[in-house]
1. Scanning the stretch 100-149 for residues that are of a type in the set (S, T, N, Q) and within 23 Å of Leu42 (Cβ to Cβ), which turns out surrounded by the most Cβ atoms within 10 Å (Cβ to Cβ)?
2. Do the conditions hold for Tyr100, that is, is it of a type in the set (Phe, Trp, Tyr) and under 12 Å from the mean Cα position of the chain (by Cα)?
3. What are the residue pairs meeting all of these: first residue in the stretch 97-117, first residue farther than 13 Å from Ser131 by Cα, second residue of a type in the set (Ser, Thr, Tyr) and surrounded by 15 or more Cβ atoms within 10 Å (Cβ to Cβ), Cβ atoms under 6 Å, and 6 or more apart or on different chains?
4. Of everything in the stretch 30-84, what is on the phi > 0 side of the Ramachandran plot and either at pLDDT 85 or above or in a helix (DSSP H, G or I) (or both)? Give them in sequence order.
5. Need the failing condition index for Thr94 against (1) without any contact (Cβ under 8 Å) to a residue 12 or more places away in the chain; (2) among the polar types (S, T, N, Q); (3) surrounded by 17 or more Cβ atoms within 10 Å (Cβ to Cβ), just the number.
Amino acid sequence: MAESRPPDPAARGSFSRALLVAVMVAVLYGAILLAVDGFVSLLADRDVISEADAGPLVGPVMAVAALAIVFMAVLGGLRPTSGPPRVPVGRALTAAILVYALSPLAGAIVFVLGRGNAATAAVFYGSCLTSPFVIGAAVLALVTVLLLPAISLARSRAR
């Protein structure tokens with residue numbers, strides 16, 4: 001009877017490290033997204049969510065949707081590979097497209113739940129696609145995921 005081998009501690013450690021790094025990168029992405037939205041709002045003299053009847057949860061839900069997409073892209077991109085780290089251009093473009101398309105969709109869903117009118121939610125979704133805030137979130141997601149090789153090379157040490 002073949003004995004089962006214990007799990008490799010290095011593999012378990014690499015997943016927990018990847019999970020920790022993905023959480024830290026997602027939190028950093030959220031903080032930078034909040035700062036960029038604030039500066040764009042200040043410079044453009046425009047609200048992040050311009051519809052007065054959108055409700056208070058639309059903006060945060062859109063930001064959380066973008067944050068979740070970036071978290072999953074970073075976590076998937078930190079898998080151990082053999083050889084030198086490659087720049088994940090495809091993963092970065094996919095994350096940016098998903099942030100661009102799905103974060104306004106999440107906002108539109110919350111908008112229709114609060115308002116109850118699907119036609120205005122469709123107009124809201126369309127207006128979000130041209131918003132500098134959604135475009136900025138997508139560009140920031142692209143840059144964040146493109147920096148994965150540099151992030152994965154960073155090492156921490158106990159002091």
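The values are calculated or read from the model by the stated rules, or taken from the named source; none is laboratory data. Computed from a predicted structure; not experimentally measured. Heads up, the Cβs are rebuilt from the backbone with ideal geometry, glycines too, and the neighbour counts pull from every protein chain shown.
1. So the residue we want is Ser103.
2. Spelling it out, Tyr100 is indeed of a type in the set (Phe, Trp, Tyr) and under 12 Å from the mean Cα position of the chain (by Cα).
3. Close Cβ pairs (under 6 Å, with a partner that is of a type in the set (Ser, Thr, Tyr) and surrounded by 15 or more Cβ atoms within 10 Å (Cβ to Cβ)) amount to Ala108/Tyr125.
4. Matches in the stretch 30-84: Asp45 only.
5. (1)
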